[in-house]
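Derivation of every value follows stated rules applied to the coordinates shown; laboratory data play no part. The structure displayed is predicted, hence computed values, not measured ones. Positions of Cβ are backbone-derived with ideal geometry, glycine not excepted, and every protein chain shown enters the neighbour counts.
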Amino acid sequence: MEVSRMASSLYKAAIEGNTQILEQERQLDSQSTPNKNTVLHIAAEFGKTQCVEVILKACPSLLKQINLKGETALHVAAREGHIDVVKALVAAAKALNEELEIGTGAARDLLGVTDDKKNMALHEAVRYRHLEVVKFLLEEDSEFPYIRNDAGETPLYLAAERGYAELVRAILEACKSPAHDGPKGRTALHAAVVCMDIGMIEDILRKKPFLVKEADEHGWTPLHWAAYFDSSLIIIQLLQHDESGAYLKDKEGMTALHVAATRGSTCSLKKLIAKCPDCIEIVDEKGQNALHVAVGKGQKNVVNYILENPLLGSLINGEDKSGNTPLHLLAESRNYNPKLISHPKVDKKAVNTAHLTALEIIHTSTLIKMGITEDAIRRKLIKAGATSARRNLHDQKEEKKDKSEKEQMEILKKIGDSHLIVATLVATITFAAGFTLPGGYDGNEGPNQGMAILSKKTIFKVFVVSDAVAMMLSVLAVFTYFDMAMCDELARLRNFLVLATRFMRMASTAMVVAFVTGVSAALGDSLNLLVSIDIVVISISFSIFFHYQMKKVYIP
């Protein structure tokens, strides 16, 4: 396939603005680049207004000729922001149509030409933020229906999404009824909220107030998005225009209040409740209120705010379609919150439609996974007065029960196998450390030959004792894991695992002490005292940091 090309002299003339060469060329419309750009496209790209006028005078048919991307010279000039070229092209379109006696306003045909992606010249001017070009194109025809491109973007939406407030204002002022649609069912107001531009939002609401209720393909209104981004100022702004937005649900039945609770947006929650206090009664498709979703997502700050606000007391024991209260969801999600468990208004004995209390839910989970969080929730529930309903005792078949216990035993034994590796490793390390003492042995002849050089130092004695303790505890853990392998009772297996885990925690602590004291004994003279102190401080700091992080992971 032959590739089109343009004479280099003609191409350079269009770039450099050499009108003499262009006037001498008789076949301007017969030459194009490999991308089908005409000499008019080239002159428009580089802003050579005089060249554009000469070309159009000689060959007006190039005005609407497109390149491989479906772009006219107006697309190119608008994208580059060459306002004089844009004006020259529009003026040429008017003159051409007057000659053909088509009538006034004939520039609309040129403005409406779309490229392969359905972009008009205005789309290009907006995308590259050329305000003068945008204003001029809009002035040419304020009633022109600027449709969406293949990406679903209208010029107004495109300007709002990119945060071009001055372009949004220009479009709203110049157009009588500008299209506002965007992709995925969004509108320009959605885009302005996502940009969190209060001024832009106000401009759009002033011209198109009905957009405050428009929902995207997921059912989210601009208020949902404001709650998602926790923008309390925008929430107030939207509610001032129309309070009904606080009661609109998305496709999952969630209001803006649910979104705020899911995101942990306490500020947004407060503003929504202050403006529309009865919106707290709305539940989603699962029948869950704001407290349900906050507990399920582990949003502790939102949960605590609701518990502390007496006006929100109706949410505390609300039941969803499965009969679950927020306390049931706490047990299911393992999102530990002692304030919810111990709150005096919480019904600790509530039973869901599966005839389970929160304590029974967490008890079932601890049979499978004996974790710190599960155990903490169980103990806190018992302390707060939670009980088991025991409604399902006769409904459980022995076969299912036996199968469930067998699966649980296999899980516990797998956990024990992995722990056994760690215990063996600690026992090996501490055993070896007992014979490779810090400071070495006395090699001189005499009564102390073969004795540890640092044996008289107190800190060395601490090293020996802590190393021995670490080794014995890790050995006890190993023996316990051996017993687990031969055990065939679920209750005993759980007890073995808890006991061995405690042995390993104590052994690990003793091993750290042995390391710190061993290094300190070896560097304990007056010259290295500072180094020894640094090692002790660093080791203690890391131990504290570890326990703090573990608490955050297991007990949020």
When N counts the residues of segment 1-144, how does its alpha-carbon radius of gyration compare numerically with 2.2 N^0.38 Å, as a ratio? 1.00
Can you put 254, 506 in order of Cβ neighbours within 10 angstrom, beginning with the fewest? 506, 254
Can you work out the Karplus-derived ³J(HN,Hα) for every residue in segment 130-139? Use 6.51 cos²θ - 1.76 cosθ + 1.60 with θ = phi - 60°, whole Hz, and x for glycine or proline. 9, 4, 4, 5, 4, 4, 5, 4, 5, 5
For segment 321-395, what class follows from the C-alpha gyration tensor (a ≥ b ≥ c being the square roots of its eigenvalues): rounded when a/c is under 1.5, otherwise prolate if a/b is larger than b/c, else oblate? oblate
Just how far, in whole angstrom, is segment 142-189 from segment 496-511 if you go by their alpha carbon centroids? 65
Taking a ≥ b ≥ c as the square roots of the eigenvalues of the Cα gyration tensor, with a/c under 1.5 meaning rounded and otherwise prolate when a/b exceeds b/c and oblate if not, segment 5-68 is rounded
Fewest-first ordering of 348, 251 by Cβ atoms within 10 Å yields 251, 348
Peptides 34-42, 71-79 ordered by average Cβ neighbours within 10 Å, highest first: 71-79, 34-42
Taking 85-93, 323-331 and ranking on average Cβ neighbours within 10 Å, highest first, one gets 323-331, 85-93
